[in-house]
1. Just give me the residues in segment A:81-107 being of a type in the set (S, T, N, Q), assigned to a strand (DSSP E or B) and either within 12 Å of A:VAL61 (Cα to Cα) or more than 8 Å from every other protein chain (Cβ to nearest Cβ) (or both), in sequence order.
2. Between B:THR41, B:THR11, B:THR7, B:THR3, which is modelled with pLDDT under 95, among the hydroxyl-bearing types (Ser, Thr, Tyr) and within 14 Å of DNA strand C (Cβ to nearest atom)?
3. Working only within segment B:25-41, note down all residues that are under 14 Å from the mean Cα position of the chain (by Cα) and open to solvent by 60 Å² or more (accessible area, probe 1.4 Å).
4. Would you please name the residue that is nearest to the chain's Cα centre (by Cα), looking only at residues in segment A:69-107 that are hydroxyl-bearing (Ser, Thr, Tyr) and modelled with pLDDT of 90 or more?
5. Output yes when any residue across segment A:16-31 is within 12 Å of DNA strand C (Cβ to nearest atom), aliphatic (A, V, I, L, M) and in contact (Cβ under 8 Å) with a residue 24 or more places away in the chain, and no when none is.
6. If I ask for residues that are among the hydrophobic types (A, V, I, L, M, F, W, C) and either more than 7 Å from every other protein chain (Cβ to nearest Cβ) or within 20 Å of the chain's Cα centre (by Cα) (or both), which ones from segment B:108-125 would you list?
7. Please specify each residue of segment A:42-62 satisfying the condition of being open to solvent by less than 20 Å² (accessible area, probe 1.4 Å) and either within 21 Å of B:VAL64 (Cα to Cα) or in contact with a Phe, Trp or Tyr (Cβ under 6 Å, 6 or more places away or on another chain) (or both).
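The values are calculated or read from the model by the stated rules, or taken from the named source; none is laboratory data. No experiment lies behind these values; they were computed from the predicted model shown. Heads up, the Cβs are rebuilt from the backbone with ideal geometry, glycines too, and the neighbour counts pull from every protein chain shown. Please note that ligands, DNA and RNA were not included when accessible areas were found on the heavy atoms of the full protein model with its side chains. Shrake-Rupley method; radii C 1.70, N 1.55, O 1.52, S 1.80 Å.
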There are 2 protein chains.
Amino acid sequence: MKTARNTAAKTEIQDLIVTSNVALSHSEIQKSLDGLCDRVTIYRVLERLLEEGTIHKIVNVDGVVKYAGCHSCSKKHSHNHIHFSCQKCKAVTCLEDVEPSYKLPKNYKVSEMNFTLSGLCPQCL
Amino acid sequence: MKTARNTAAKTEIQDLIVTSNVALSHSEIQKSLDGLCDRVTIYRVLERLLEEGTIHKIVNVDGVVKYAGCHSCSKKHSHNHIHFSCQKCKAVTCLEDVEPSYKLPKNYKVSEMNFTLSGLCPQCL
DNA sequence: ATTCTAATGCAACAATGTTGCAAAAGTAAT
DNA sequence: ATTACTTTTGCAACATTGTTGCATTAGAAT
């Protein structure tokens with residue numbers, strides 16, 4: 001059977017994402033790592049961290065994919081919270097406590113949600 | 001001053017998007033046009049249609065950019081409606097009547113929202 | 001230390017989007 | 001209809017993002 005291994009790349013990337021208070025993109029991670037490992041390795045590590053449930057993936061309003069640590073969802077792994085994307089400082093943050101409500105027409109079965117608001121964050125306001 | 005022109009490409013692309021009841025991606029549009037114009041031209045026409053306010057842009061949960069006609073927003077141009085992305089038939093539709101509610105922490109200024117639910121649409125349920 | 005195989009690096013590729021520039025084609029005026 | 005003006009297009013080239021195959025490296029268990 002398949003056993004995961006702890007490698008320098010994985011440890012470092014995981015640390016970066018979980019420690020950060022904003023979601024990070026692949027290129028931002030790459031810059032931070034500063035040549036520690038290959039571009040491709042970053043993609044593969046992110047894939048593994050997603051599978052493990054250590055991080056989650058956010059597609060920003062501009063289509064840029066970002067990754068953030070899973071904090072509140074350690075027990076039940078759900079991501080039904082809002083993300084906020086600041087148009088000025090470009091930071092994407094998880095508003096873990098905000099759950100939106102809505103009323104769908106009949107016969108839709110929802111299994112996932114992706115809700116991102118953009119505007120100005122408290123720091124930039 | 002700059003005056004827009006009606007060209008075959010623009011007319012055709014606009015027609016495609018506005019007529020369609022699902023949002024279309026660049027590649028889907030390209031396939032439909034079947035060589036009517038260059039790939040780059042499609043990008044540029046889409047840009048113009050967005051500026052004009054004829055269409056709006058949706059970033060799907062998988063990061064794929066799609067375009068849909070503006071129907072309900074002819075008067076006040078707002079896109080505060082939910083989009084639904086079917087995991088089976090891959091159709092992305094605008095649920096124009098559904099406006100979500102949520103309660104943000106203090107000091108956030110929202111100027112745009114992007115809300116996409118995914119799951120199964122009525123046709124695929 | 002040995003063995004097994006997960007993880008990495010590298011090269012190559014695919015998809016998506018952007019830019020510069022010369023040629024083509026709308027539009028308005030004559 | 002012809003001319004003049006300038007938007008729009010096509011093409012080539014490029015940038016970015018993400019994926020895949022394969023040989024090599026290096027965790028982890030024995």
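1. Let us first name the residues in segment A:81-107 that are of a type in the set (S, T, N, Q), namely A:85, A:87, A:93, A:101, A:107.
Imposing the further condition that a residue be assigned to a strand (DSSP E or B) reduces the set to A:85, A:93, A:101.
Result: A:SER85, A:THR93.
2. Values: B:THR41 fails: modelled with pLDDT under 95; B:THR11 fails: modelled with pLDDT under 95; B:THR7 fails: modelled with pLDDT under 95.
So the residue among B:THR41, B:THR11, B:THR7, B:THR3 that is modelled with pLDDT under 95, among the hydroxyl-bearing types (Ser, Thr, Tyr) and within 14 Å of DNA strand C (Cβ to nearest atom) is B:THR3.
3. B:GLU28
4. First, pick out the residues of segment A:69-107 that are hydroxyl-bearing (Ser, Thr, Tyr): A:72, A:74, A:78, A:85, A:93, A:101-102.
Right, trim to modelled with pLDDT of 90 or more and you get A:85, A:93, A:101-102.
Details: A:SER85: 12, A:THR93: 9, A:SER101: 22, A:TYR102: 23 Å.
Filtering first and then ranking leaves A:THR93.
5. Restricting attention to segment A:16-31, the residues satisfying the condition of being within 12 Å of DNA strand C (Cβ to nearest atom) are A:30.
Applying the additional criterion that residues be aliphatic (A, V, I, L, M) yields none.
Scanning segment A:16-31 turns up no residue that is within 12 Å of DNA strand C (Cβ to nearest atom), aliphatic (A, V, I, L, M) and in contact (Cβ under 8 Å) with a residue 24 or more places away in the chain.
6. Narrowing segment B:108-125 to residues among the hydrophobic types (A, V, I, L, M, F, W, C): B:110, B:113, B:115, B:117, B:120-121, B:124-125.
Correct list: B:MET113, B:PHE115, B:LEU117, B:LEU120, B:CYS121, B:CYS124.
7. Just the residues of segment A:42-62 that are open to solvent by less than 20 Å² (accessible area, probe 1.4 Å), to begin with: A:42, A:45-46, A:49, A:55-56, A:58-60.
A:LEU46, A:ILE55, A:HIS56, A:ILE58, A:VAL59, A:ASN60 - these are the residues of segment A:42-62 that are open to solvent by less than 20 Å² (accessible area, probe 1.4 Å) and either within 21 Å of B:VAL64 (Cα to Cα) or in contact with a Phe, Trp or Tyr (Cβ under 6 Å, 6 or more places away or on another chain) (or both).
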